[in-house]
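To keep things clear, I will list the structure first and then write my remarks on it.
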Amino acid sequence: MQFLSRPIFVIALFLSGTGCAKPGGGPPGGGPPSGPVDVEVSAPVRGTVTDAEVFTGRTQAVMSADLRCRVSGYLEKVLFREGEDVELGAPLFQLELKPFELAVRQARGTLEQQKAQLKFNEANYTRMNDTYKQGVGSVSDLQQALSSRDASAAAVETATAALETAQQNLAWATVRAPFAGRISRRQVDPGNTVAADTTILASLVQLDPLYAYFDIDERTVLRVRSRLAPNGATKSDQALPVSLGLSDERPEEFSRSGELKFTDNKVDPNTGTLRVWGTFANPKRDLHPGLFVRVRLQVGAPRSVLMVAEAALGSDQGRRYVYAVDAENRAARVPVEIGPRANGLIAIEKGLTGEERVIVRGLQNVRPKSEVVAKAVEMPRVKSPPTGAGPSPAGPGGGPAGASGPTTGAPAPAPSEGPMSRPPAGSGGSPGGPKGGKPGR
C-alpha cells in the first residue's frame, strides 16, 4: 500500500493550499485586501432619545369577581356560553323562581291586610276622640284607640319591608354580571342546590383595560420621583408612559402602550423594590390576566444625542467602537459608548463629536490605518417593529436591558481583532504547504 501514500499526500496538499486562498484575490491568510478598501461613510445624525428601564411583570385584571348567589335555592338555568364576553347586568344564572314569587305574593297580601286594619283603627280613634270631646267615654278608651292606630301603622311599615325583602330575593334569584367582562366555565350544573353567599358559580374578569404590575428598584424610584417632581412637589395626577412586550415578541419589541398611574404606598424593605401598576388598553381582549410580560418604563426626559446606524458599530470583548475616516482617507478606530435605540439608529453617548465620517458599509474589510476609498451616503436606518412610546431598548447582546441601568441599543458585532483573528504562520496559509517535511507514508 506504500505506492498510494505519495498521490494521497499530493492531493491533500493541493486542497489545503486552495482552501486558504481568499476569494476575490485577497492575500493568503485571511488578512485585509491589498490596496484601498471601498467603503461608504456618513456623518452622525442628531436625534432625540429617552432613557428607559425594562422590568418583568404579570398582567392582572382591573376587576375580577367570584360569582355567588345572594339567596339559596335550586339552580334551574345557566344563561351564558362558557368563555364568552358578557355585558354589565347580563343574566348569568337563574334559580327556580316559584318559591320567591310565592313569597312576594304572601308579603303583598300581608301588607294589604295590615293596611285595612290601619284604616279601621284610624276611623275608630277618630270616633272615640269626637265622643270624648262631647263628654262621653273615658280617657282609657281613647288611649286604647290611639294605641291600636299606632300599632297598625307600625304593622304596615313591617309588612312593606317584608314585601320589599321578598321582591329583592326574587331579583337575587337571577345572578347578573356586576361588570362587563369575560365569564369562565360554570362551576355548578343545573339541578344542584345553591347555598347563599357560599357556592361559587363562576368567575368573571374585566379584560379592557388591563393592569400589568411589576417591581422597580429604589434607584429607579428616585429617578422617576425626581422627574415627576423636580422641585419636591407632588404630582400624583401625572402619568408616565409605559410600554408592554410579550414573551413571543422580539426583545426590542414593545407592542402595547399604556400609562403608569398607580404605585404602592411603601417600598418593600426585604427586596428594596416598589410595586407599581401600568394600565393598558385591550380593546381586542387578546391579552389575559396572568401573562408574563416585559414592561419598559421611561425614566428620563427626552434629550438630543448623536446617532449612528447599527451596521457602523463593532465590538471587541464587549467594547463598542466605530471606524472614522480621517483627512488622509485612512480608517481610525474610535471607542464609543452606546445608548438607547430610536428610529432605526443607535445613540452614541460618548466618543463622537459629530464631525467624523463614520464607515457604515464595508466594515468587515477595514483595519486600523487601512487606506479607504470613501463614498458619502445618507445614514442608513433599520426599520423598527411597531412599539409603544419612546425608543425600543435592547442590551448589548440584543436582549432587553435589565433593571440595573439605562437601556441601550443592539448593534451588530463586528469581527474582533487580535492574534486569534489570523491563522498562525505555517498553518497551511501558503499554497506551497509546509516546508522541510517529508511526505508521510
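The values are calculated or read from the model by the stated rules, or taken from the named source; none is laboratory data. Computed from a predicted structure; not experimentally measured. Cβ coordinates were reconstructed from backbone atoms using ideal geometry, including for glycine residues, and neighbour counts include every protein chain displayed.
Which residue, of 153, 162, 166, is among the hydrophobic types (A, V, I, L, M, F, W, C), more than 11 Å from residue 111 (Cβ to Cβ) and surrounded by 12 or more Cβ atoms within 10 Å (Cβ to Cβ)?
Numbers: 162 fails: more than 11 Å from residue 111 (Cβ to Cβ); 166 fails: more than 11 Å from residue 111 (Cβ to Cβ).
Answer to the check: 153.
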Output for the stretch 254-298, where each listed residue is charged (D, E, K, R) and assigned to a strand (DSSP E or B): 256, 259, 261, 268, 275, 294, 296
The one condition in (1) in contact with a Leu (Cβ under 6 Å, 6 or more places away or on another chain); (2) surrounded by fewer than 16 Cβ atoms within 10 Å (Cβ to Cβ) that residue 93 fails to fulfil: (2)
Matching residues in the stretch 177-199 - criterion: being on the phi > 0 side of the Ramachandran plot and of a type outside the set (Gly, Ala, Ser): 197
In the stretch 291-330, residue surrounded by the fewest Cβ atoms within 10 Å (Cβ to Cβ) [restricted to those that are under 25 Å from residue 54 (Cα atoms) and of a type in the set (Val, Ile, Thr)]: 305
Filter result for residue 353 (of a type in the set (Val, Ile, Thr), assigned to a loop (DSSP other than H, G, I, E, B) and at pLDDT 90 or above): yes
Failed item, numbered, when residue 333 is tested on (1) out of contact with any Pro (no Cβ under 7 Å at 6 or more places or on another chain); (2) free of Cβ contacts under 8 Å to residues at least 60 places away in the same chain; (3) more than 19 Å from residue 48 (Cβ to Cβ); (4) in a strand (DSSP E or B): (1)
Identity of the residue in the stretch 261-286, under 15 Å from residue 244 (Cα atoms) and β-branched (Val, Ile, Thr), that ends up surrounded by the most Cβ atoms within 10 Å (Cβ to Cβ): 276
